Amino acid sequence: MNYVLKLIARNTLRHPLRTLLTVLGIVVAITAFGLLRTTVDAWYAGAEASSASRLVVRNKNSLTFPLPLYYGPKIRLIEGVESVSAAQWFAGIYIDKKNFFPQFAVDPHTYFALFPEFVIPPEQMKAFQLDRRGAIAGRKIVEKFGWKLGDQIPLIGTIYPGTWSFVLRGVYTGANSRTDETQFFLHWDNLNETLKKVAPDSANQVGIFLVGLKNAREAPLVAQRIDAQFRNSRAETLTETEKAFQLSFVAMTEAILLVIQAVSFLVIAIIMAVMANTMAMTARERRREYATLKALGFPVRFIAALIIGESLFIACAAGALGTWLIYPAAAYVGRRFGTIFPVFNVSDNTVIMALAATLLVGLVAAAGPALQASTVKVSEGFRAVG
Amino acid sequence: MTAVVEIEHLSKAYQRGGQVVPVLQDITLTLQIGDFVALMGPSGSGKSTLLNLIAGIDAPDSGLLRVAGVDITEFGESELAQWRAEHVGFIFQFYNLMPVLTAYENVELPLTLTHLSRRQRREHARLALDLVSLSDRADHYPSQLSGGQQQRVAIARALVTDPTLIVADEPTGDLDRVSAREILDLLESLNESLRKTIIMVTHDHLAAERAHIVRHLDKGVLTEQVDRPRPRGAGATA
Ligand SMILES: Nc1ncnc2c1ncn2[C@@H]1O[C@H](COP(=O)(O)OP(=O)(O)OP(=O)(O)O)[C@@H](O)[C@H]1O
Ligand SMILES: [Mg+2]
């Protein structure tokens, strides 16, 4: 057996507790790093999953201002528009505030045609369309709350007062892993009819229009046409791709994301310092051995290989374990906070960065001690121990 | 007789706090093949420094230093390392074995720097362990051996490559009387039967008595030379 490997392997196990603690530190750091990166990814997931071939039309002043319903047919006539549907933010509370999930009042006949990523069995779709009090919910919340088709689902209105009751008629699943499976849809008509009675001023209005395009490449052009159409009208519009629309939400919390990213790198920097300290301590204890090896005629690169090899060995073993643990950790967080982060997937990018960080930790930690051990004179190496 | 070590007007000084401290001054010394030399002198007189220069782990400031006919002051760092692997066997006061390697592995270690095949390495290492009577401890780690045994392993490691000279810095300095005598017996027999050239730094007069030549260093200057007749025949190790 090669003596470099033999020495590295046995040196690693010389202080089992120290090695174990170092490994533990790296495992925790790399897993934490992966989780933080995944959190950032999850934040952008809505935007990532959203389509660039759909446009969102909203009130130019603010998202909280609605648009008149009659804009819909007008938009439909604009060149390049394939289809139009509307959605209204409902914001009801299911039993308790912490049970948050997004709810939209939509047109049951046009909305889902625009969203092929929501997969709904045809008979359920039909049942939903036929029942004015019907609702469709995503698989995740259905499982979370243990709903069954036909169940009554009460929501306490916040924007629209009163207790609303809906009947679960359909469950949608995502076409891919990036699809948000926590949304809840009800009939816009149902909402509007009630508003006509109790708050006529709020009736016949929608939050946003969703526009399907004939040609996705025309998105900017069509957006301009729509906004031009309603310029100088009672409610001017702001039209952008769904992706840009989603990103504008993320932008509001960009500062938090920056902090999370900074922390993720800080975690790596800290474990790097800890590991570097461990390696420095180890190398200091072994100065006499390194001096002996040098005296015996072993070249500087042999000693450097011992130090770098040990550091890399510890870092990589721990890093691999830490990276592997990102998956169950992310799965847990995804389950636990499914409604906050509807999509919580570990990306390839995160894994690559975690592994790269691991390698970096191993190399940086070894650099100082390896350089020191390589440059110190043999006679100094023997003297310095006391 | 052939000179192994030729030293002429060798000087060495250390910098300490901006001050130049002369350690060796104008040393002239010649050693022949098969010599067993003891280097004595008070602490700080420069014994280790001189030994290190001869062994090629430190460089002189001026003067001539030839070992086996080669001017080793000309060598760069890596050439010198290679040269040491080939020509010098080291014995230290504190044994300096690799704690994670067994006795056998410690002895085999320097052979990995040679071109010997794996089988030859094994044979040489076994033979060297045999010479120091530790074949039965081949698989013991240094921590499982007594000081004297560890030093014997170190001696096996020093001679396994069949070096031109063996340098020993206070090889009995950390040992009790009985172990020390074992080590000295061993060195003496290496010198006698294998004709190994040995340079040994020591404070111990009993140790110095084993050498044929005793040189004294005082404040960096070589003083008297005490030569004793080189014992011939078998009597010396008995
Ligand atoms: N690397 C160094 N830097 C500065 N001074 C040194 C260095 N190496 C040795 N010296 C000094 O050189 C002098 C001789 O040291 P050396 O180790 O050769 O003495 P020694 O005769 O072997 O002593 P001892 O019997 O205590 O081992 C001492 O004063 C020592 O402090
Ligand atoms: Mg000394």
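For the pair residue A:132 and residue A:224, what calculated FRET efficiency results from E = 1/(1 + (r/R0)^6), where r is the Cβ-Cβ distance and R0 = 35 Å, to the nearest 0.05? The formula returns an efficiency of 0.40 here. Per residue, the protein assembly as shown reaches -15000 deg cm²/dmol at 222 nm when only DSSP H runs of four or more residues are counted, each adding -39500 (n - 2.57). Rounded to the nearest 0.05, what FRET efficiency is calculated for residue B:15 and residue A:349 with R0 set to 56 Å and r the Cβ-Cβ distance? Computed FRET efficiency for residue B:15 and residue A:349: 0.55. Label reach from residue A:82 (point 7 Å along Cα→C-beta): in region A:116-150, amide nitrogens under 18 Å belong to A:116-120. For residue A:21, the accessible area of its heavy atoms, probed at 1.4 Å with every protein chain present, is near 100 square angstrom. Of the listed residues A:188, A:89, A:43, the order by accessible area with a 1.4 Å probe, largest first, is A:89, A:43, A:188.
So which of A:144/A:197; A:144/A:214; A:74/A:97; A:294/B:47; A:214/A:243 end up more than 27 Å apart by C-alpha? Over 27 Å Cα-Cα: A:144/A:197; A:144/A:214; A:74/A:97. Centre-to-centre separation between the Cα atoms of region B:80-132 and those of region A:128-178: 78 Å.
Restricting the chymotrypsin sites (Phe, Trp or Tyr not before Pro) of region A:319-357 to loop positions (DSSP other than H, G, I, E, B) with no more than 16 neighbouring Cβ atoms within 10 Å leaves A:337.
Computed with every protein chain present, the accessible area of residue B:74 is close to 140 Å² [probe 1.4 Å]. Between the helical axis of B:147-159 and the longest alpha-carbon principal axis of chain B there is an angle of about 80 degrees.
Basic side chains Lys and Arg get +1 at the Cβ, acidic Asp and Glu get -1 at the Cβ, and with that the dipole of chain B about its Cα centre reaches some 380 debye. For chain B, the longest principal axis of the alpha carbon atoms and the long axis of helix B:77-87 meet at an angle near 60°. Between the beta carbons of residue B:25 and residue B:127, assuming R0 = 41 Å, the FRET efficiency works out to 0.45 to the nearest 0.05. Look at the stretch A:285-297: the mean tally of other chain Cβ atoms within 10 Å of its residues' Cβ atoms is 6.
Counting, for every residue in A:5-18, the Cβ atoms of other protein chains within 10 Å of its Cβ and taking the mean gives 2. Partners of residue B:219 within straight-line reach, counting aspartates and glutamates whose Cα lies under 20 Å from its Cα and excluding those fewer than 8 residues away in the same chain: B:8, B:26, B:58, B:61, B:169, B:170, B:204. The listed residues A:375, A:38 rank as A:375, A:38 when sorted by accessible area, largest first, using a 1.4 Å probe.
Placing a label point 7 Å from the Cα of residue B:33 along the Cα-to-Cβ direction, the residues of region B:41-75 with a backbone N closer than 16 Å are B:67-70.
Note: relative contact order over chain A, using C-alpha pairs below 8 Å and six or more positions apart, is 29 percent. Distance from a point 7 Å along Cα→Cβ of residue A:173 to each backbone N in region A:21-60: keep the residues under 20 Å and list them by number. Under cut-off, by backbone N: nothing. Looking at chain B alone, DSSP beta bridges between its own residues are antiparallel in about 55 percent of cases.
Let me check I've understood the local charge: for residue B:206, count other residues with C-beta under 10 angstrom from its C-beta, Lys and Arg +1, Asp and Glu -1. What total comes out?
The answer is +1.
Between residue A:6 and residue A:194, the simple label model (points 7 Å from Cα in the Cβ direction) yields a spacing of 8.0 nm. Ligands, DNA and RNA excluded, the heavy atoms of residue B:212 present near 10 Å² of accessible surface to a 1.4 Å solvent probe.
Scanning residues 5 or more positions from residue A:107 or on other chains, those with amide H under 5 Å from its amide H are A:86, A:188, with H placed 1.01 Å from N in the peptide plane.
DSSP assigns beta bridges within region A:61-235; of those with both partners inside it, close to 70 percent run antiparallel. For region A:249-297 and region A:229-247, write down the distance between their C-alpha centroids in whole Å. Their Cα centres are 48 Å away from one another.
Using the membrane-span-like helix rule (whole DSSP H runs, Cα extent along the own axis of at least 18 Å, mean Kyte-Doolittle hydropathy at least 1.0), which helices of chain A qualify?
Length and hydropathy pass: A:16-49, A:254-285, A:300-336, A:348-375.
In this label model, residue A:277 and residue A:64 are separated by 4.9 nm, measuring between points 7 Å along each Cα→Cβ vector.
The values are calculated or read from the model by the stated rules, or taken from the named source; none is laboratory data. Since the model is a prediction, treat every value here as computed from it, not as a measurement. Cβ sites come from the backbone with ideal geometry, for glycine too, and all protein chains shown count toward neighbours. Remember, those area values only see protein heavy atoms, side chains included, never the ligands or the DNA or RNA. Shrake-Rupley method; radii C 1.70, N 1.55, O 1.52, S 1.80 Å.
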